[in-house]
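Okay, so here's the structure we're looking at.
The values are calculated or read from the model by the stated rules, or taken from the named source; none is laboratory data. Bear in mind the structure is a predicted one, so any value in this text is a computation, not a measurement. Using ideal geometry, Cβ is built from the backbone for each residue, glycine included, and neighbour counts are taken over all protein chains shown.
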């Protein structure tokens, strides 16, 4: 009887175990089926923040843009400006550009304040390296479609020769075909100034700015005869007074030396006009030793008149003037004791008394 009772208890116990195992298996199947059919992701908790969360953290800074391309952000504007200047100075040196020229990048370079992702920030040294190569890189070391170029603007000068002109004056005071150089011509010297623009050391533009004259050219004046006979046409008796004043000093000895002309003056004469005593060609109009501002007119056939101590010129070398034309203003330039006109007449290089040709009472 005891044996039968024990057998029944053992069978009952095993039955319960089987049922428990079967129930556990069914439960596991339900769990896996639920997980497989669920559209919601299973959240995985980690102590390490995702890369996406790190990159979206924003910080205030200054970003460098080149031709619209974002390069990197820096903590402050000073670092950004110094990085760009360091790169520019290095380019100037590498291209052997003149440091005194107006050197700048051709590219549009902007420094923009704003909020930028933390992982876009670099220090000044890194920013310089991103901009210093043949190509430009961004903060991820990705190549950008940008090439930095340097523009250089500077004024340069070139020495030039200023060629003189030759003026020919035809006169019937000389026989036909005869020639005489009245004023020897000389070339002048000067500097032409140009504004030169270059990009990466290659000249792209040159614009004329101005001419700086070092030495003025002197025009050559040649008198050519147009007379068919040997008569002298220099009608000295037709000379007029170069200035209507009073003669204060005549030709002859004065103060231990010879005075070669007439001094003509009157009260308040400074600035009064001086006129040509006869028509001819101006062969001198400049400062002439003790004469000060001086005009000499060649009337042909070896006759010249001289007008000295002028305060101003009304003619220049090469001008052809008629009798009575204004040639300057009364003054006191050169060796002079006061405003007056010093007037001389030369014939074949010799001093003659102007009173022979001009009537001063």
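Key figures
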{"read-out": "Candidate set: segment 188-213, residues that are in a strand (DSSP E or B) and more than 15 Å from the chain's Cα centre (by Cα); chosen: the one farthest from residue 93 (Cα to Cα)", "value": "188"}
{"read-out": "Close pairs (6 angstrom Cβ cut-off, 6 or more residues apart or separate chains): at pLDDT below 75 in segment 171-195, not in a strand (DSSP E or B) anywhere", "value": "172/233; 173/233; 173/234; 173/301; 176/228"}
{"read-out": "Within segment 119-133, tally of residues that are in contact (Cβ under 8 Å) with a residue 12 or more places away in the chain and within 35 Å of the chain's Cα centre (by Cα)", "value": "6"}
{"read-out": "Within segment 125-143, considering residues that are assigned to a loop (DSSP other than H, G, I, E, B) and in contact with a helix residue (DSSP H, G or I) (Cβ under 9 Å, 6 or more places away or on another chain), the one farthest from residue 86 (Cα to Cα)", "value": "140"}
{"read-out": "Among the candidates 263, 298, residue that is assigned by TED's automatic domain parsing to the domain that holds residue 245 and either part of a loop (DSSP other than H, G, I, E, B) or within 23 Å of residue 219 (Cα to Cα) (or both)", "value": "298"}
{"read-out": "One residue from 153, 146 being buried (at least 16 other Cβ atoms within 10 Å of the Cβ) and under 36 Å from the mean Cα position of the chain (by Cα)", "value": "146"}
{"read-out": "Selection count, segment 332-361, where residues are within 19 Å of residue 282 (Cα to Cα) and touching a residue at least 60 places away in the same chain (Cβ under 8 Å)", "value": "7"}
{"read-out": "Positions within segment 340-359 being assigned to a loop (DSSP other than H, G, I, E, B) and either exposed (fewer than 15 other Cβ atoms within 10 Å of the Cβ) or at pLDDT 95 or above (or both), in sequence order", "value": "348, 349, 359"}
{"read-out": "Verdict on residue 308 being in contact with a helix residue (DSSP H, G or I) (Cβ under 7 Å, 6 or more places away or on another chain), crowded, with 21+ Cβ neighbours inside 10 Å and closer than 12 Å to residue 328 by Cα", "value": "yes"}
